[in-house]
Amino acid sequence: MGVISRYRDRLPVTAATPELTLGEGSTPLIRSRAIGASLGVDLWFKFEGMNPSGSFKDRGMVVAVAKAVEDGATGVVCASTGNTAASASAYAARAGLVAVVLCPAGAIAAAKQAQSRAVGARFLEVRGSFDDALRSCQQLADRGEFALVNSLNPYRIEGQKTAAFELTEELGHAPHVLALPYGGGGNTKAYAKGFTEDGAATRIVSAQSEQRATTLASAIRIAEPAHEHEVEALVEGGRVEVTSVSDEDITRMWLELATREGIFCEPSSAAGLAGLRQVELETGSTVVCVLTGHGLKDTAAVANLTAEPCVVDPDVDSILAGIHGAPVGVGA
Ligand code: AN7
(Lines give C-alpha, C1' and ligand atoms only; values in the text may rest on other atoms or scores of the structure.)
Protein backbone atom coordinates (compact mmCIF):
# COMPACT_ATOMS: atom_id res chain seq x y z
CA MET A 1 0.00 0.00 0.00
CA GLY A 2 1.39 3.41 -0.95
CA VAL A 3 1.54 6.61 1.06
CA ILE A 4 -1.76 8.04 -0.27
CA SER A 5 -3.89 5.02 0.67
CA ARG A 6 -2.03 4.24 3.89
CA TYR A 7 -2.27 7.79 5.28
CA ARG A 8 -5.33 9.06 3.41
CA ASP A 9 -6.98 10.45 6.58
CA ARG A 10 -3.86 12.43 7.49
CA LEU A 11 -3.18 13.93 4.06
CA PRO A 12 -4.94 16.74 2.14
CA VAL A 13 -6.42 14.32 -0.41
CA THR A 14 -10.01 14.19 -1.62
CA ALA A 15 -12.21 11.72 -3.50
CA ALA A 16 -10.93 13.43 -6.67
CA THR A 17 -7.25 12.77 -5.90
CA PRO A 18 -5.96 9.83 -7.98
CA GLU A 19 -4.57 6.90 -5.96
CA LEU A 20 -1.19 7.27 -7.60
CA THR A 21 1.50 4.90 -6.27
CA LEU A 22 4.74 3.14 -7.11
CA GLY A 23 4.75 1.40 -3.71
CA GLU A 24 6.48 4.23 -1.80
CA GLY A 25 6.84 4.24 1.98
CA SER A 26 6.97 1.19 4.29
CA THR A 27 10.76 1.32 4.05
CA PRO A 28 13.06 -0.89 6.16
CA LEU A 29 13.74 0.14 9.75
CA ILE A 30 17.02 -1.56 10.60
CA ARG A 31 18.41 -1.84 14.14
CA SER A 32 22.07 -0.91 14.43
CA ARG A 33 24.36 -3.78 15.33
CA ALA A 34 27.54 -1.81 15.94
CA ILE A 35 27.38 1.97 15.78
CA GLY A 36 24.53 2.32 18.32
CA ALA A 37 26.57 0.53 20.99
CA SER A 38 29.48 2.90 20.48
CA LEU A 39 27.10 5.86 20.93
CA GLY A 40 25.42 4.24 23.97
CA VAL A 41 21.94 4.49 22.44
CA ASP A 42 19.32 2.23 20.85
CA LEU A 43 20.05 3.27 17.27
CA TRP A 44 17.91 2.50 14.23
CA PHE A 45 18.33 3.29 10.55
CA LYS A 46 15.30 4.25 8.47
CA PHE A 47 16.44 3.26 4.99
CA GLU A 48 14.53 5.69 2.78
CA GLY A 49 16.84 4.78 -0.10
CA MET A 50 14.57 1.73 -0.51
CA ASN A 51 11.75 3.83 -1.94
CA PRO A 52 10.82 3.15 -5.60
CA SER A 53 13.11 5.79 -7.12
CA GLY A 54 15.75 5.23 -4.44
CA SER A 55 15.17 8.21 -2.14
CA PHE A 56 12.82 9.72 0.46
CA LYS A 57 11.56 12.16 -2.18
CA ASP A 58 8.97 9.60 -3.34
CA ARG A 59 6.81 10.03 -0.23
CA GLY A 60 6.17 13.68 -1.01
CA MET A 61 6.33 13.43 -4.79
CA VAL A 62 3.47 10.94 -5.01
CA VAL A 63 1.20 13.42 -3.23
CA ALA A 64 2.44 16.47 -5.20
CA VAL A 65 1.97 14.73 -8.58
CA ALA A 66 -1.43 13.29 -7.63
CA LYS A 67 -2.59 16.77 -6.60
CA ALA A 68 -1.20 18.22 -9.86
CA VAL A 69 -3.34 15.72 -11.77
CA GLU A 70 -6.36 16.58 -9.62
CA ASP A 71 -5.78 20.28 -10.35
CA GLY A 72 -5.68 19.64 -14.10
CA ALA A 73 -1.95 20.19 -14.72
CA THR A 74 -0.44 18.64 -17.83
CA GLY A 75 3.15 18.88 -16.67
CA VAL A 76 5.39 19.29 -13.63
CA VAL A 77 8.69 21.10 -13.21
CA CYS A 78 11.44 20.88 -10.62
CA ALA A 79 15.02 21.96 -10.03
CA SER A 80 17.16 19.25 -8.55
CA THR A 81 20.49 17.99 -7.31
CA GLY A 82 19.27 14.66 -8.72
CA ASN A 83 16.88 12.82 -6.43
CA THR A 84 13.91 15.16 -6.82
CA ALA A 85 14.45 14.86 -10.58
CA ALA A 86 14.44 11.05 -10.48
CA SER A 87 11.33 10.99 -8.32
CA ALA A 88 9.35 13.66 -10.21
CA SER A 89 10.20 11.98 -13.52
CA ALA A 90 8.99 8.58 -12.32
CA TYR A 91 5.69 9.77 -10.83
CA ALA A 92 5.01 12.05 -13.81
CA ALA A 93 5.52 9.10 -16.18
CA ARG A 94 3.22 7.01 -14.01
CA ALA A 95 0.55 9.73 -14.02
CA GLY A 96 0.87 10.52 -17.73
CA LEU A 97 2.26 14.02 -17.20
CA VAL A 98 5.24 15.70 -18.82
CA ALA A 99 8.16 16.21 -16.41
CA VAL A 100 10.62 19.04 -16.93
CA VAL A 101 13.69 18.82 -14.73
CA LEU A 102 16.44 21.41 -14.36
CA CYS A 103 19.73 20.22 -12.89
CA PRO A 104 23.02 22.04 -12.34
CA ALA A 105 25.18 21.09 -15.35
CA GLY A 106 27.72 18.37 -14.66
CA ALA A 107 27.00 18.38 -10.94
CA ILE A 108 24.61 15.49 -10.31
CA ALA A 109 25.32 11.77 -9.96
CA ALA A 110 25.08 9.86 -13.26
CA ALA A 111 22.48 7.34 -12.05
CA LYS A 112 20.04 10.11 -11.12
CA GLN A 113 20.26 11.60 -14.61
CA ALA A 114 19.81 8.11 -16.08
CA GLN A 115 16.68 7.51 -13.97
CA SER A 116 15.15 10.73 -15.16
CA ARG A 117 15.96 10.21 -18.85
CA ALA A 118 14.87 6.57 -18.82
CA VAL A 119 11.28 7.43 -17.97
CA GLY A 120 11.12 10.14 -20.61
CA ALA A 121 11.56 13.38 -18.69
CA ARG A 122 12.62 16.53 -20.47
CA PHE A 123 16.01 16.67 -18.76
CA LEU A 124 17.75 20.05 -18.97
CA GLU A 125 21.19 20.90 -17.61
CA VAL A 126 21.34 24.49 -16.42
CA ARG A 127 24.59 26.43 -16.67
CA GLY A 128 24.64 27.39 -13.01
CA SER A 129 24.12 26.07 -9.49
CA PHE A 130 21.10 24.29 -8.00
CA ASP A 131 20.05 27.66 -6.55
CA ASP A 132 20.10 29.22 -10.05
CA ALA A 133 18.08 26.27 -11.38
CA LEU A 134 15.48 26.62 -8.61
CA ARG A 135 15.00 30.33 -9.35
CA SER A 136 14.47 29.63 -13.08
CA CYS A 137 12.14 26.79 -12.24
CA GLN A 138 9.93 29.03 -10.08
CA GLN A 139 9.78 31.60 -12.89
CA LEU A 140 8.75 28.89 -15.33
CA ALA A 141 6.09 27.60 -12.94
CA ASP A 142 4.75 31.16 -12.52
CA ARG A 143 3.88 31.17 -16.23
CA GLY A 144 1.23 28.58 -15.38
CA GLU A 145 1.94 25.69 -17.73
CA PHE A 146 3.86 23.47 -15.29
CA ALA A 147 3.13 22.71 -11.64
CA LEU A 148 6.15 23.23 -9.36
CA VAL A 149 7.01 20.03 -7.47
CA ASN A 150 10.02 21.19 -5.47
CA SER A 151 9.46 21.11 -1.70
CA LEU A 152 8.14 24.69 -1.90
CA ASN A 153 5.03 22.80 -2.99
CA PRO A 154 3.28 22.12 0.37
CA TYR A 155 2.01 18.70 -0.80
CA ARG A 156 5.61 17.51 -0.86
CA ILE A 157 5.98 18.29 2.85
CA GLU A 158 2.61 16.66 3.56
CA GLY A 159 3.68 13.41 1.92
CA GLN A 160 7.11 13.40 3.54
CA LYS A 161 5.69 13.90 7.03
CA THR A 162 4.28 10.33 6.80
CA ALA A 163 7.77 9.01 7.54
CA ALA A 164 7.38 10.32 11.11
CA PHE A 165 4.03 8.50 11.48
CA GLU A 166 5.51 5.30 10.09
CA LEU A 167 8.45 5.39 12.51
CA THR A 168 6.22 5.85 15.52
CA GLU A 169 4.00 2.96 14.40
CA GLU A 170 7.00 0.67 13.87
CA LEU A 171 8.82 1.49 17.11
CA GLY A 172 5.62 1.54 19.17
CA HIS A 173 6.55 5.06 20.34
CA ALA A 174 8.12 8.16 18.80
CA PRO A 175 11.93 8.19 18.79
CA HIS A 176 13.62 10.47 21.33
CA VAL A 177 15.99 11.78 18.68
CA LEU A 178 15.89 11.76 14.88
CA ALA A 179 18.89 12.69 12.74
CA LEU A 180 18.91 13.54 9.04
CA PRO A 181 20.77 15.55 6.40
CA TYR A 182 19.85 19.19 5.78
CA GLY A 183 19.97 20.35 2.16
CA GLY A 184 17.05 22.66 1.38
CA GLY A 185 15.44 21.89 4.76
CA GLY A 186 12.20 20.43 3.37
CA ASN A 187 12.63 17.06 5.01
CA THR A 188 13.53 18.63 8.36
CA LYS A 189 10.31 20.63 8.16
CA ALA A 190 8.33 17.54 7.16
CA TYR A 191 9.51 15.40 10.11
CA ALA A 192 8.88 18.31 12.50
CA LYS A 193 5.33 18.58 11.15
CA GLY A 194 4.75 14.83 11.36
CA PHE A 195 5.97 14.52 14.96
CA THR A 196 4.00 17.61 15.98
CA GLU A 197 0.80 16.18 14.48
CA ASP A 198 1.52 12.95 16.40
CA GLY A 199 1.99 14.94 19.64
CA ALA A 200 5.58 13.69 19.90
CA ALA A 201 8.44 15.73 21.39
CA THR A 202 11.12 14.12 19.21
CA ARG A 203 14.31 16.18 19.02
CA ILE A 204 15.52 16.58 15.43
CA VAL A 205 19.22 16.82 14.61
CA SER A 206 19.59 18.28 11.12
CA ALA A 207 23.09 18.05 9.68
CA GLN A 208 24.20 20.48 7.00
CA SER A 209 27.46 20.37 5.12
CA GLU A 210 30.13 22.84 6.24
CA GLN A 211 30.91 23.20 2.55
CA ARG A 212 27.37 23.80 1.34
CA ALA A 213 28.25 24.97 -2.19
CA THR A 214 31.01 22.44 -2.85
CA THR A 215 30.47 19.32 -0.71
CA LEU A 216 31.27 15.93 -2.19
CA ALA A 217 27.74 14.96 -1.13
CA SER A 218 26.23 16.36 -4.35
CA ALA A 219 22.63 15.74 -3.20
CA ILE A 220 22.97 18.46 -0.56
CA ARG A 221 25.07 20.88 -2.62
CA ILE A 222 22.65 23.74 -1.94
CA ALA A 223 23.98 27.18 -0.92
CA GLU A 224 20.62 28.83 -0.25
CA PRO A 225 18.21 26.46 1.54
CA ALA A 226 14.63 27.15 0.45
CA HIS A 227 13.31 26.47 3.96
CA GLU A 228 16.06 28.23 5.90
CA HIS A 229 13.73 30.60 7.77
CA GLU A 230 11.33 27.85 8.81
CA VAL A 231 14.24 25.71 10.00
CA GLU A 232 15.56 28.68 12.01
CA ALA A 233 12.12 29.07 13.59
CA LEU A 234 12.15 25.36 14.50
CA VAL A 235 15.58 25.84 16.07
CA GLU A 236 14.29 28.78 18.10
CA GLY A 237 11.28 26.73 19.15
CA GLY A 238 13.61 24.03 20.48
CA ARG A 239 12.45 21.31 18.06
CA VAL A 240 15.52 21.23 15.80
CA GLU A 241 19.27 21.45 16.29
CA VAL A 242 21.32 22.26 13.18
CA THR A 243 24.88 20.94 13.12
CA SER A 244 27.58 21.40 10.48
CA VAL A 245 29.57 18.42 9.28
CA SER A 246 32.69 18.28 7.13
CA ASP A 247 33.14 16.15 4.02
CA GLU A 248 35.63 14.12 6.05
CA ASP A 249 32.96 13.39 8.72
CA ILE A 250 30.45 12.44 6.01
CA THR A 251 32.92 10.13 4.32
CA ARG A 252 33.90 8.44 7.57
CA MET A 253 30.29 7.82 8.60
CA TRP A 254 29.37 6.63 5.09
CA LEU A 255 32.16 4.04 5.31
CA GLU A 256 31.11 3.01 8.84
CA LEU A 257 27.52 2.48 7.73
CA ALA A 258 28.70 0.33 4.86
CA THR A 259 31.42 -1.70 6.55
CA ARG A 260 30.03 -2.04 10.12
CA GLU A 261 26.31 -2.19 9.38
CA GLY A 262 26.20 -3.49 5.79
CA ILE A 263 24.07 -0.56 4.71
CA PHE A 264 24.94 1.15 1.43
CA CYS A 265 23.55 4.67 1.23
CA GLU A 266 24.64 7.66 -0.82
CA PRO A 267 27.23 9.96 0.82
CA SER A 268 24.79 12.78 1.73
CA SER A 269 22.70 10.26 3.67
CA ALA A 270 25.55 9.72 6.12
CA ALA A 271 25.43 13.39 7.20
CA GLY A 272 22.77 12.68 9.83
CA LEU A 273 24.98 10.11 11.54
CA ALA A 274 27.89 12.56 11.45
CA GLY A 275 25.59 15.13 13.08
CA LEU A 276 24.59 12.70 15.83
CA ARG A 277 28.20 12.42 16.90
CA GLN A 278 28.26 16.16 17.65
CA VAL A 279 25.31 16.31 20.04
CA GLU A 280 24.70 14.96 23.53
CA LEU A 281 22.61 11.82 23.60
CA GLU A 282 20.95 10.32 26.63
CA THR A 283 22.24 6.81 27.31
CA GLY A 284 19.77 4.16 26.21
CA SER A 285 17.49 6.57 24.36
CA THR A 286 15.84 5.61 21.06
CA VAL A 287 17.55 7.33 18.16
CA VAL A 288 16.64 7.07 14.47
CA CYS A 289 19.01 8.03 11.71
CA VAL A 290 17.28 8.64 8.36
CA LEU A 291 19.26 7.32 5.39
CA THR A 292 17.71 9.41 2.65
CA GLY A 293 19.12 7.88 -0.54
CA HIS A 294 20.43 4.55 -1.87
CA GLY A 295 24.16 3.92 -2.44
CA LEU A 296 23.53 2.86 -6.04
CA LYS A 297 22.63 6.48 -6.76
CA ASP A 298 26.26 7.53 -6.65
CA THR A 299 28.68 4.75 -7.54
CA ALA A 300 31.32 7.30 -8.56
CA ALA A 301 31.59 8.15 -4.86
CA VAL A 302 32.49 4.52 -4.17
CA ALA A 303 35.31 4.68 -6.69
CA ASN A 304 36.62 7.83 -5.04
CA LEU A 305 36.28 6.71 -1.42
CA THR A 306 37.39 3.07 -1.43
CA ALA A 307 40.40 1.08 -2.60
CA GLU A 308 40.45 0.10 -6.26
CA PRO A 309 39.73 -3.52 -7.12
CA CYS A 310 42.80 -5.66 -7.59
CA VAL A 311 43.14 -7.30 -11.01
CA VAL A 312 44.24 -10.96 -10.78
CA ASP A 313 44.85 -13.90 -13.09
CA PRO A 314 42.29 -16.70 -12.98
CA ASP A 315 44.44 -18.95 -10.78
CA VAL A 316 44.35 -19.57 -7.05
CA ASP A 317 47.84 -18.26 -6.24
CA SER A 318 47.15 -15.01 -8.00
CA ILE A 319 43.74 -14.75 -6.30
CA LEU A 320 45.23 -15.47 -2.86
CA ALA A 321 47.88 -12.82 -3.45
CA GLY A 322 45.08 -10.45 -4.46
CA ILE A 323 43.08 -11.22 -1.30
CA HIS A 324 46.11 -10.45 0.84
CA GLY A 325 46.76 -7.22 -0.97
CA ALA A 326 49.99 -8.04 -2.79
CA PRO A 327 50.35 -6.35 -6.17
CA VAL A 328 49.75 -9.16 -8.67
CA GLY A 329 48.55 -9.85 -12.16
CA VAL A 330 48.39 -7.98 -15.39
CA GLY A 331 46.71 -4.79 -14.34
CA ALA A 332 48.54 -4.43 -11.03
C1 AN7 B 1 19.71 11.88 -0.58
O2 AN7 B 1 17.01 16.26 -5.21
O3 AN7 B 1 17.38 18.83 -2.98
O4 AN7 B 1 16.81 19.10 3.25
O5 AN7 B 1 16.96 18.39 -5.59
O6 AN7 B 1 18.77 13.94 -2.27
O7 AN7 B 1 14.76 18.15 2.20
O8 AN7 B 1 16.50 19.27 0.81
C9 AN7 B 1 17.88 16.56 -2.61
C10 AN7 B 1 18.08 16.61 -1.27
C11 AN7 B 1 19.07 14.67 1.71
C12 AN7 B 1 18.28 16.99 1.56
N13 AN7 B 1 19.40 13.48 1.22
O14 AN7 B 1 16.90 17.06 1.84
C15 AN7 B 1 17.11 17.42 -4.82
C16 AN7 B 1 17.46 17.69 -3.41
C17 AN7 B 1 19.31 13.23 -0.11
C18 AN7 B 1 18.85 14.24 -0.97
C19 AN7 B 1 18.62 15.70 0.91
C20 AN7 B 1 18.52 15.50 -0.45
P21 AN7 B 1 16.18 18.47 2.05
How long, wide and thick is region 147-297, going by the Cα atoms along their three principal axes, in whole angstroms, largest first?
42, 36, 29
Loop-located trypsin sites (Lys or Arg not before Pro) in region 27-107, at most 13 other Cβ atoms within 10 Å (DSSP):
Arg33
Over the chain, the sum of -39500 (n - 2.57) across DSSP H runs of at least four, divided by residue number and rounded to 500 deg cm²/dmol, gives at 222 nm -11500 deg cm²/dmol
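Based on Cβ point charges of +1 for Lys and Arg and -1 for Asp and Glu, what charge dipole magnitude is obtained for region 140-188 about its Cα centre, in debye rounded to the nearest 20?
With Lys and Arg at +1 and Asp and Glu at -1, about 160 debye.
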Long-range amide H partners of Ala99 with built H, under 5 Å
Val76, Arg122
Please compute the Cα-Cα pair-distance distribution of region 31-153 with 5 Å bins starting at 0, giving whole percents from short to long.
2, 12, 21, 21, 16, 9, 6, 6, 5, 2, 0
Reported to the nearest 10 Å², Met50 has, with a 1.4 Å probe, an accessible area equal to 100
Quick check on my link table: of Lys57/Lys297; Lys57/Lys112; Lys46/Lys67, which ones sit more than 23 Å apart, alpha carbon to alpha carbon?
Lys46/Lys67
Provide the per residue accessible area, probe 1.4 Å, for the chain, rounded to a whole number of square angstrom.
42
Per residue convex hull volume, Cα atoms of region 78-236, in Å³
125
Rounded to 5, the percent of DSSP beta bridges in the chain classed as antiparallel:
15
Taking the Cα centre as origin and putting +1 on Lys and Arg beta-carbons and -1 on Asp and Glu beta-carbons, what dipole magnitude results for the chain, to the nearest 20 debye?
660
Under the 0.36 nm per residue contour assumption, what length would be gained going from the current alpha-carbon distance of Asp142 and Thr259 to full extension?
37.5 nm
Using r as the Cβ-Cβ distance of Asp71 and Asn304, and R0 as 35 Å, what FRET efficiency do you calculate, to the nearest 0.05?
0.25
By the C-alpha gyration tensor axes a ≥ b ≥ c (rounded if a/c is under 1.5, else prolate when a/b exceeds b/c, else oblate), the shape of the chain is oblate
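The values are calculated or read from the model by the stated rules, or taken from the named source; none is laboratory data. Model, not experiment: these values are computed from the prediction. Reconstructed Cβ throughout: ideal geometry from the backbone, glycine too, with neighbour counts over all protein chains shown. Just so you know, the surface numbers come from the protein's heavy atoms only, side chains and all, with ligands and any DNA or RNA stripped out. Shrake-Rupley method; radii C 1.70, N 1.55, O 1.52, S 1.80 Å.
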